[in-house]
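The values are calculated or read from the model by the stated rules, or taken from the named source; none is laboratory data. Model, not experiment: these values are computed from the prediction. In this analysis, Cβ positions are derived from the backbone assuming ideal geometry, glycine residues included, and neighbour counts consider all displayed protein chains. These area figures cover heavy atoms from the full protein model, side chains too; ligands, DNA and RNA do not enter into them. Shrake-Rupley method; radii C 1.70, N 1.55, O 1.52, S 1.80 Å.
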Amino acid sequence: MASDSNDATAAPRDVPAFRQLSVAEAHALVESGDGVLVDTRGRKLYDNAHATGAVSLPVSEIEAANGAVTLDAVRSDRLLILYCA
């Protein structure tokens, strides 16, 4: 099946949809304002402790929405940096 360039699930910009980052890369993206940390653990774990500036989006919510989730508190042009530990 060919990908439609207007497909709403297509990644913005010319970047892969998913890739692994080093801690240094993630830190640089957050510091530059191009990235935001997203804690994918459950809300209780997030409330107990999380990385400074991270937003909560449990993986269960991502799965329930078939990956089509939005974060109202995050600008759409920022890269989401997902972590779970």
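Could you check how many residues of the range 48-66 are among the small types (Gly, Ala, Ser), open to solvent by 40 Å² or more (accessible area, probe 1.4 Å) and outside any helix (DSSP H, G or I)? Even if it seems obvious, please write down each step before you answer.
Step one: filter the range 48-66 for residues among the small types (Gly, Ala, Ser), giving 49, 51, 53-54, 56, 60, 64-65.
Filter once more, so that each one left must be open to solvent by 40 Å² or more (accessible area, probe 1.4 Å): 49, 53, 60, 64.
With outside any helix (DSSP H, G or I) added as a condition, the list becomes 49, 53.
Qualifying residue count, the range 48-66: 2.
Residues in the range 62-80 that are out of contact with any strand residue (DSSP E or B) (no Cβ under 9 Å at 6 or more places or on another chain) and hydrophobic (A, V, I, L, M, F, W, C) were compared, and the one that is nearest to HIS27 (Cα to Cα) is VAL69.
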